[in-house]
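K.L.:
Below: one structure in structure tokens.
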Amino acid sequence: MFRSSLLALAAGLALAACQSTAQAPAPAPQPVAAQPNYVTRPDFRLPEGGGCAGDIARFRAVIDNDLATGHVARDVHGRMQADLGGPDTACRAGRAGEALAGLRAVRQRYGYPAG
């Protein structure tokens, strides 16, 4: 009998704890940091053009878009732009093979597909 009374008391306390009307205070709202926009703008278009100049221009557009959407950090974007200087110079000098090889190397270095 004592045992069943103890069980009834324990069950009653457990039930009372579940039905408590006291509510914890709502957490204070936290300031929201500016979130990057991970979606490409609907008006984004890759540049036209052929040869090494067109390939370099399209890659520049892709990395500019990646910067704008938060997929690449500003310092990494700056390094990629600087690394494209060699291929760009080679292309302007008419050395398309060298320019395309340099572009492939830059893409590979930063984890972009070969194109």
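K.L.:
Of all alpha-carbon pairs in the stretch 52-115, indicate the percentage at a distance above 19 angstrom.
P.N.:
On the way: 475 of 2016 pairs.
Of the Cα pairs, 24 percent sit more than 19 Å apart.
K.L.:
Here's another thing I want to ask about it. With an 8 Å cut-off on Cα pairs and a minimum separation of 6 or more residues, tell me the relative contact order of the stretch 52-115 in percent. Could you put the intermediate results ahead of the total?
P.N.:
Working: 47 pairs, mean separation 19.5, N = 64.
So the answer I get is 30 percent.
K.L.:
Follow-up. Can you tell me how much longer the chain between Ala73 and Asp43 gets when fully stretched, taken as 0.36 nm per residue apart minus their C-alpha distance, in nm with one decimal?
P.N.:
Details: separation 30, 0.36 × 30 = 10.80 nm, distance 2.22 nm.
Using 0.36 nm per residue and subtracting the Cα-Cα distance, I get 8.6 nm.
No lab work stands behind these numbers, since they all come straight from the coordinates. Just so it is clear, the model here is predicted, and its values are computed rather than measured.
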